[in-house]
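Accompanying notes for the structure given below.
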2 protein chains.
Amino acid sequence: METVERLIRSTQELLWERGYVGTSPKAIQRAADAGQGSMYHHFSGKAQLAKAAIARSGVELRAAAEEQFAGPGTATERITRYLERDRDVVRGCRIGRLTADPDVMADPELRSPVDETFRWLRGRLAEVVAEGKRAGEYPATIDPEQTAATIAAVLQGGYVLAQAADSPEPFELAVRGLVNLLPGDAE
Amino acid sequence: METVERLIRSTQELLWERGYVGTSPKAIQRAADAGQGSMYHHFSGKAQLAKAAIARSGVELRAAAEEQFAGPGTATERITRYLERDRDVVRGCRIGRLTADPDVMADPELRSPVDETFRWLRGRLAEVVAEGKRAGEYPATIDPEQTAATIAAVLQGGYVLAQAADSPEPFELAVRGLVNLLPGDAE
DNA sequence: GTCTATAGGGAGATAGAC
DNA sequence: GTCTATCTCCCTATAGAC
């Protein structure tokens with residue numbers, strides 16, 4: 001793999017594990033097996049490298065989610081598949097954790113891929129919910145944008161609870177609780 | 001206010017804003033208007049001070065939540081009051097944000113107050129839901145522990161989405177979406 | 001209790017050789 | 001493209017005076 005690619009992927013991993021403030025250029029170089037000069041040749045510094053890594057993670061998150069949204073089945077079935085997808089729960093969300101990083105939130109260049117990713121996710125979930133309404137699966141009292149935000153929040157909050165407990169259990173409880181509240185639940 | 005108290009409160013604030021990794025002893029001293037020697041006289045170091053601050057925040061979070069849980073009304077009414085309570089949404093959750101801090105999660109002394117706080121919250125919410133079941137407000141298909149995890153997750157996830165958007169809107173959408181899904185919704 | 005001095009180490013980046 | 005040397009500043013803590 002080329003150096004640039006190794007640098008970006010290593011930064012994605014470190015950002016996931018330790019966040020922006022907790023990740024040093026030196027640590028990135030070590031993980032990417034690249035020298036100081038090499039890193040600064042390809043990127044202007046930590047911020048630009050982080051921007052590339054965050055953008056990449058955002059693209060990957062969308063692609064992974066779209067796999068479930070675009071599949072067959074009712075709205076609840078597709079949402080449930082998304083929620084119950086295999087996840088490395090105790091590692092948390094690569095994008096969501098950046099929300100706790102003040103240096104990321106303060107820099108528009110770093111924040112916008114985070115913002116965009118969640119905007120897309122909520123929008124896409126709202127479409128699925130709206131399809132469920134049109135199909136008569138959900139009553140008219142269901143608001144797509146509200147419900148979409150609720151679903152995305154259960155995921156992100158489930159990660160938080162799981163990390164606090166150092167166990168996937170709270171995440172799984174939260175997801176099952178939500179699925180159980182959704183109209184048209186299969187069980 | 002005494003020095004010890006100022007140190008703890010300043011640490012609580014900084015931990016909330018910048019997390020553990022992003023908070024330096026020097027910043028704490030500045031915020032608390034205390035000298036280097038003063039801080040190290042009262043605390044062995046950053047970790048011990050953080051422990052006191054996190055424990056304090058946990059106690060405060062419980063007390064604030066209990067105000068809504070112990071109030072009058074049906075389960076959904078009390079849960080809704082808790083969810084819709086006035087919050088500094090875009091600042092996020094003081095406890096939840098620590099979940100993204102690897103140095104906090106790695107140290108049992110720092111992690112346990114975080115873990116304990118969320119365990120208490122889920123347990124307390126489960127009690128309220130169970131009361132709702134006994135009162136006939138919720139059907140037998142509702143699982144108290146699952147539903148409690150869902151409610152706590154919507155809050156924590158709502159904070160994440162709000163911080164990403166730099167607006168309380170996603171939080172409010174997520175909360176309204178959840179309330180709308182709960183049985184016995186007043187509206 | 002609080003102050004100042006000091007210290008080893010890492011963060012983040014620049015410069016110029018190869 | 002990559003390497004090594006160098007630089008400034010801050011992190012976290014210790015030591016000992018007052």
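Take peptide B:138-150, look around each residue's Cβ out to 10 angstrom, count Cβ atoms belonging to other protein chains, and average those counts. Don't skip to the end; give the middle numbers.
On the way: counts 0, 0, 0, 4, 3, 4, 1, 6, 10, 7, 4, 15, 15.
Partner-chain Cβ atoms within 10 Å, mean over residues of B:138-150: 5.
Among A:ARG87, B:ARG9, sorting on how many other beta-carbon atoms sit within 10 Å of each Cβ, with the fewest leading, yields B:ARG9, A:ARG87. Note on chain A: with a GNM built from Cα contacts shorter than 10 Å, the maximum mean-square fluctuation among A:ALA32, A:ALA47, A:ALA70 falls on A:ALA70.
Within chain B, the whole DSSP H helices whose Cα atoms reach 24 Å or more along their own axis and whose mean Kyte-Doolittle score is at least -0.5 are B:46-69, B:144-165. When chain A is treated as a Gaussian network with alpha carbon springs shorter than 10 Å, the biggest mean-square fluctuation among A:GLY158, A:GLY35, A:GLY19 belongs to A:GLY35.
Quick check on chain B: take the gyration tensor over C-alpha atoms, sort the square-rooted eigenvalues as a ≥ b ≥ c, and tell me if it's rounded (a/c under 1.5), prolate or oblate.
Values: a/c = 2.55, a/b = 2.15, b/c = 1.19.
Prolate, because a/c is 1.5 or more and a/b exceeds b/c.
Treating r as the C-beta distance of A:GLU60 and B:ASP33 and R0 as 56 Å, the FRET efficiency rounds to 0.75. Of all the options A:LEU83, A:LEU173, A:LEU155, the one that moves most in a Gaussian network model of chain A with Cα springs shorter than 10 angstrom is A:LEU173.
If the chain linking B:GLU127 and B:THR74 were pulled fully straight, counting 0.36 nm for each residue of separation and taking away their Cα-Cα distance, it would gain 17.8 nm. Neighbouring Cβ atoms from other chains, within 10 Å of the Cβ of residues in A:16-29, number 2 on average. Per residue of peptide A:168-180, the mean number of Cβ atoms on other chains within 10 Å of the residue Cβ is 6.
Stretch A:ARG81-A:ARG119 to full length: gain in nm at 0.36 nm per residue minus the Cα-Cα span?
Gain in length upon complete extension: 11.7 nm.
What would the Debye formula give as log10 I(q)/I(0) at q = 0.10, 0.13, 0.14, 0.15 Å⁻¹ for the alpha-carbon point model of the protein assembly as shown, no solvent? Here log10 of I(q) over I(0) equals -0.65, -1.05, -1.18, -1.31.
What is the sum of charges, Lys and Arg at +1 and Asp and Glu at -1, for the other residues whose Cβ falls under 14 Å from the Cβ of B:LEU15? Present the calculation step by step, with values, prior to reporting the outcome.
Details: positive: B:ARG9, B:ARG18, B:LYS46, B:LYS51, B:ARG56, B:ARG91, B:ARG94, B:ARG97, B:ARG111; negative: A:ASP101, B:GLU13, B:GLU17, B:GLU60, B:ASP101, B:ASP103, B:ASP107.
Surrounding charge for B:LEU15 is +2.
Read-outs: derived from the displayed coordinates by stated rules, not from any lab. These figures come from a predicted structure and were not determined experimentally. Here the Cβ is made from the backbone with ideal geometry for all residues, glycine too, and neighbour counts use every protein chain on show.
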